[in-house]
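Everything below concerns the one structure shown next.
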Amino acid sequence: MSADGVTDLWRAYRADRTRDQRDRLILHYSPLVKYVAGRVGVGLPQNVEQSDLVSYGIFGLIDAIEKFDPDRGFKFETYAISRIKGAILDELRSIDWVPRSVRAKGRAVERAFSKLESSLHRSPTEAELATELGYTEAQLQQVLGQLSLTGIAALDEMLGDRSDAATLGDTIPDQAEGPGALAELREMRTHLAEAIERMPEREKIVLTLYYFENFTLAQIGQVLKVTESRVSQIHTKAVLQLRSRMQAANRERA
């Protein structure tokens, strides 16, 4: 479908909101779901089927189409990707496929980050983090590897421990939000930008290339001259550290 055709379809859907118009939009944007499912699926266990991730993501695409307002100035693709990722991650969380022991390790790493950053006033080194957790550095790398393989340490995961905590996808406003909610989202984005800026350079590079430049882990490894598994560990450590900072910011605002 041409760009003009898509624009006309959106205009018609906004005016009439028929099932046929919605289905045509779903068909046009369905490649986004496969793209997002492929990225979310990296490192997930083999028992998590790619087709299941796509099925979960379709619900996010439908939600995005129904809520999207072109007049707000956001590209639909940007808005939809966040909703698709959110739908997939919500479903993965709901079936609770990650072992409790792995979740416990993830929470322990986040707490260690928070404690060390509070006392050191900087990002802890891996050696300091390992010591705080009672690990050797090799054991820490093994734990980070376990966390990365579960897929629970993703930038789109929950920023808090509560069931109603925000995700990064929620920082994109939708049409139903009032001035108060939009102000909160702006504040969240500000805190997020500040937290990322304080990250060590290597972690910032990994987050930027993976989430904003759409590099694969292998491509990032070539840039940093490390293995793909090491990039995965760096990514996991960066996201857990970012989560701990955002949670600390949330507690300060409470």
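Coupling constants for the range 68-85 follow from the phi torsions by the Karplus curve (6.51 cos²θ - 1.76 cosθ + 1.60, θ = phi - 60°), and in residue order they are 5, 10, x, 5, 7, x, 9, 5, 4, 4, 5, 5, 5, 4, 5, 5, 5, 4 Hz; glycine and proline get x.
Listed by chain and number, the lysines whose C-alpha is less than 20 Å from the C-alpha of K85, apart from same-chain residues fewer than 8 away, are K34, K67, K75. If the chain linking A138 and R22 were pulled fully straight, counting 0.36 nm for each residue of separation and taking away their Cα-Cα distance, it would gain 36.6 nm. Which residues in the range 46-86 place their backbone N less than 11 Å from a point set 7 Å from the Cα of R11 along the Cα-to-Cβ direction? Under 11 Å, as judged by backbone N against the label point of R11, lies no residue of the range 46-86. Cross-link pairs exceeding 18 Å between alpha carbons, from the set K105/K237; K204/K237; K204/K225; K105/K225; K115/K237: K105/K225.
Coordinate-derived values only; no laboratory data. As the structure is a prediction and not an experimental result, all values here were calculated from the model. Positions of Cβ are backbone-derived with ideal geometry, glycine not excepted, and every protein chain shown enters the neighbour counts.
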